[in-house]
Amino acid sequence: MVSCKVPEIEAAVNKALEAKMSPNDIINAMGDGMTQVGTLFERGKLFLPHVLSAANGMKKAMTVLEPLMAKDEGNDKKVSVVMGTVEGDVHDIGKSICSTMLQCAGFDVHDLGRDVPTPQFIDEIKGGCTFCGMSALMTTTMTVMKDIIDICKNEGIRDNVTMMVGGAPVTQAYCDKIGADIYGESASETTNKAKAIAF
Ligand code: B12
């Protein structure tokens, strides 16, 4: 990941698969690598094109790993989850990993993508989704999560849905402060917490 070169990331993923590393562990390792890329970017050692290239490498690797991930077929109950990155924010790598892991755990996931207009989240909640997951990677966009929860409160639909929040700047304290239900520091933590409520 830190090489920021798509072919090197792909080659490393193939090597890890050959060494029988599980797709989940590879994804977690790539996430750690991406955090390191972020630190180097913050220190001015890497620049935006590097970050973009690392992100593309990770996305490509995800398309290889997704079909290989173990699926939990044991849950007959179809529980719907809507996931999206909030308006104004294009960071979607972590959110997409969460979507994939939730899907593998047996949830019926509808991923709205990134830079999702707030009314789209509200429509999905009105449409009856059981969980609504909002991702934000910037301090300037994490406030949109509070806006969405406040709109739900004002429209009397807040208690119809379990609200999940995550993304690097989000914390358990922020989750509590804005009145969300689940904070997920990682995709596996998110999946475990959602499973504990749903199944
Ligand atoms: C990759 C990256 C990019 C890529 C994004 C590619 C993509 N398709 O996502 C690109 C290059 C496009 C990009 C652009 C920008 N970026 Co950027 N980017 C990053 C970087 C380096 C890594 C983010 C990442 O993918 N991490 C890896 C994933 C796996 O981790 P994660 O997202 O945290 O997800 C995990 C958990 O948080 C959790 N989770 C995530 N979502 C959810 C949702 C729910 C519901 C739950 C429960 C859990 C959960 O589970 C995930 C998996 O374990 C961060 C640095 C950092 N430290 O985060 C900066 C960073 C987020 N970017 C930053 C900035 C400023 C920008 C730009 C404005 C830069 C610019 N000048 O143009 C633009 C943003 C434009 C916009 N409007 O959004 C800043 C934000 C600062 C702030 N204000 O808070 C950061 C922190 C870097 C920095 N220090 O300056 N960026």
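Within region 103-132, the set of residues being in a helix (DSSP H, G or I) and in contact with a Gly (Cβ under 8 Å, 6 or more places away or on another chain) comprises GLN120, PHE121.
Selection of region 25-48 for residues being without any contact (Cβ under 8 Å) to a residue 12 or more places away in the chain and more than 17 Å from the chain's Cα centre (by Cα) yields THR39, PHE41, GLU42, ARG43, GLY44, LYS45, PHE47, LEU48.
Name the single residue, out of those in region 41-97 being among the hydrophobic types (A, V, I, L, M, F, W, C), more than 8 Å from the ligand (Cβ to nearest atom) and assigned to a helix (DSSP H, G or I), that is farthest from GLY113 (Cα to Cα).
Quick first cut of region 41-97, residues among the hydrophobic types (A, V, I, L, M, F, W, C) only: 41, 46-48, 51-52, 54-55, 58, 61-62, 64-65, 68-70, 79, 81-83, 86, 90, 93, 97.
Restricting the remaining residues to those that are more than 8 Å from the ligand (Cβ to nearest atom) gives 46-47, 61-62, 64-65, 68-70, 79, 81-82, 86.
If we keep only those that are assigned to a helix (DSSP H, G or I) too, we end up with 61-62, 64-65, 68.
Numbers: ALA61: 18, MET62: 15, VAL64: 19, LEU65: 19, LEU68: 22 Å.
Per the stated criteria, the residue is LEU68.
THR100 meets the conditions (1) modelled with pLDDT under 95; (2) among the β-branched types (Val, Ile, Thr); (3) within 8 Å of the ligand (Cβ to nearest atom) in every case but one. The failed one is (3).
Of the numbered criteria (1) within 28 Å of LYS177 (Cβ to Cβ); (2) within 17 Å of the chain's Cα centre (by Cα), the one GLY128 fails is (2).
Go through the residues of region 133-148 one by one and say whether even a single one is more than 25 Å from THR35 (Cβ to Cβ), more than 16 Å from the chain's Cα centre (by Cα) and in a loop (DSSP other than H, G, I, E, B). Scanning region 133-148 turns up no residue that is more than 25 Å from THR35 (Cβ to Cβ), more than 16 Å from the chain's Cα centre (by Cα) and in a loop (DSSP other than H, G, I, E, B).
Quick one: would you say ILE149 is more than 30 Å from PRO23 (Cα to Cα), aliphatic (A, V, I, L, M) and modelled with pLDDT of 95 or more? Walk me through how you get there before you give the answer.
Numbers: more than 30 Å from PRO23 (Cα to Cα): yes; aliphatic (A, V, I, L, M): yes; modelled with pLDDT of 95 or more: yes.
Judged against the criteria, ILE149 is a match.
The values are calculated or read from the model by the stated rules, or taken from the named source; none is laboratory data. Nothing here was measured: the structure is a model prediction, and the numbers come from that model. Using ideal geometry, Cβ is built from the backbone for each residue, glycine included, and neighbour counts are taken over all protein chains shown.
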